[in-house]
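First comes the structure, then the notes that go with it.
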Amino acid sequence: MPRKRSFRRSEAAKRRRAEQLTAKRSSAEQLTKDFFVANGPPQDGDIGVCSTGYRHRAGKWPISSFTGRQHKLVIPPESPDKKFVLLVGCSHLRAIADGYVEMPEGLSFGVMSTPGACAAELRTEVLNAVVPRTPDVVCLLAPSNDLTASRTIDEAGVDFDKLLRSVCNRWPQVVVLDFPPRLNVAVDLQDHLRQEYHRVAARAGVKYVSTAEHFPVHNRNLWGPDNVHLSDSEGMDVLTQLFWIAAYLHLETPAPQPQVAPKTSPPARRFSPKVVVKGEVAVPRPCQTDEEGYTTVSYSRKVR
């Protein structure tokens, strides 16, 4: 029985997707090699290490019709006594969305997670997401997948700038959390991307919270077996605490008051004094000239 046209189209789409993923992996490997050629060989802890933490086995999520990636949006029940915080990011949020890792108490957290998404794909999901109510603050996790999806650091910065501006245009309160380190990519390369993200956030006037110092590479229990994702216990515990602190501090920090120009009093009116002379006034005598040409000036007596 001949195959239907839709089946052939589906198979062709799968082949194209596989070719794109292969090209991205090759591009990432070449980018890392070029970086090492320019900056020297990798140091201990940069790449090729083995983590010891545990991470749950990822299940299948619905496929987004906008990006073709797995996507999940979790909105908590409305709680009048708690502020609503929306977390936006990639697969680092999967454990939170699936309930394997719980967020600290005191705030109400929603999750928008798109595993494997780069900045451009996260922007597409943000623009098309149906969020029933406005979050009190949005915590955007900086996209680490641009380490492999972008050809250069500058290109990654441009994509992140578009993502950040789209998030800020949709929701008024935004804070950016730096992406957790990876153990399979050179540390210096990750630092370059972080610096670019930080510059973009600074230009947009958005607070950027650093995280790298909270994930020391010598503690291999912080990462799962793939050296990319954080472990469910130690690694995600650190990340959830950082999310909570970033959201809490942003909500508790009062917004800067607009500067009001000091009131200036109108200039005082100046009055020219009017001089009134009373009493006797000295009247000068008319000038007299003698025969030799000299002029004699004298004053008369006072007159009334």
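In Å, what Rg and Dmax follow from the Cα atoms of the stretch 101-162?
Spelled out, the Cα radius of gyration and Dmax of the stretch 101-162 are 13.7, 41 Å.
Once the cut-off is 20 Å, how many percent of the Cα-Cα pairs in the stretch 135-215 end up in the long-distance tail?
That fraction is 28 percent.
So if the hydrodynamic radius of the stretch 182-235 is defined as the Kirkwood radius over C-alpha pairs, what does Stokes-Einstein give as its diffusion coefficient at 10 °C and 1.306 mPa s, in µm² per second?
It comes out at roughly 128 µm²/s.
What percentages make up the Cα-Cα pair-distance distribution of the stretch 92-245 when the bins are 5 Å wide from 0?
Each 5 Å bin holds this share of Cα pairs: 1, 9, 19, 23, 23, 16, 8, 2, 0.
Quick note: the coordinates plus some simple rules give every number you see, no bench work behind them. Since the model is a prediction, treat every value here as computed from it, not as a measurement.
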